[in-house]
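Reading through the structure tokens given below for one structure.
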Amino acid sequence: MRTAKDILQQKGTQFNFVKHDATVLEAIGLMKAENISYLIVLDKSDKYIGVFSERDYAHKVILEGKQSSNTKVSEIMAIHLANASLDDSTSKLMLLINNSKARYLPVFDGNTFMGIITIHDLMREAMADYEKGRQDLDSHQIEFLKSHND
């Protein structure tokens, strides 16, 4: 079974970062320009401190009547997300993301931030597992039929 490390390696290096003191308007503009739904929030030392997403924007800016131009990303970002480690299996990742009702899962190697696994990454994993299982079943059926037709 694949692990968080495998998924992150397949995704490649993530560049969707924003500083904690950026305005929400700046962050939304970056997300639009890059066609992405979340940003990894970094502190002044470039260390991971949270995730800013379209959902945070909708729930904590629009619905609360805040102004995008003067609200800082750090004021509304998600900071208490479930965390994963590089060795966690896709099954464990799916449980973590489902139980936390989150869409983003920060992955750490000890205390070192390694990247984000999204609910969409896990959906792709599940679809690939399903397809592989279906192909394996087809192969076994063909083998069975050949061995019983001889």
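The values are calculated or read from the model by the stated rules, or taken from the named source; none is laboratory data. These numbers were taken from a predicted model, which means no experiment stands behind them. When we count neighbours, we look across all protein chains shown, and the Cβ atoms used for this are built from the backbone with ideal geometry, even at glycine.
Numerical summary
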item: Residue selected from the range 61-79 under the condition modelled with pLDDT of 95 or more and in a helix (DSSP H, G or I), by the criterion surrounded by the most Cβ atoms within 10 Å (Cβ to Cβ); result: V73
item: Tally, over the range 23-37, of residues that are in a strand (DSSP E or B) and surrounded by fewer than 14 Cβ atoms within 10 Å (Cβ to Cβ); result: 0
item: Candidate set from the range 109-124 (those that are assigned to a strand (DSSP E or B) and not aromatic (F, W, Y)); member that is surrounded by the fewest Cβ atoms within 10 Å (Cβ to Cβ); result: T112
item: Whichever residue in the range 1-35 is out of contact with any Leu (no Cβ under 7 Å at 6 or more places or on another chain) and among the hydroxyl-bearing types (S, T, Y) and, among such residues, is farthest from F108 (Cα to Cα); result: T23
item: Whichever residue in the range 80-89 is without any contact (Cβ under 8 Å) to a residue 40 or more places away in the chain and within 14 Å of the chain's Cα centre (by Cα) and, among such residues, is surrounded by the most Cβ atoms within 10 Å (Cβ to Cβ); result: L81
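To keep it simple, each residue is scored yes or no on (1) without any contact (Cβ under 8 Å) to a residue 60 or more places away in the chain; (2) part of a helix (DSSP H, G or I); (3) among the β-branched types (V, I, T).
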| position | (1), (2), (3) |
| --- | --- |
| M1 | no, no, no |
| L8 | no, yes, no |
| D21 | yes, no, no |
| L39 | yes, no, no |
| G50 | yes, no, no |
| H59 | yes, yes, no |
| S91 | no, yes, no |
| A102 | yes, no, no |
| V107 | no, no, yes |
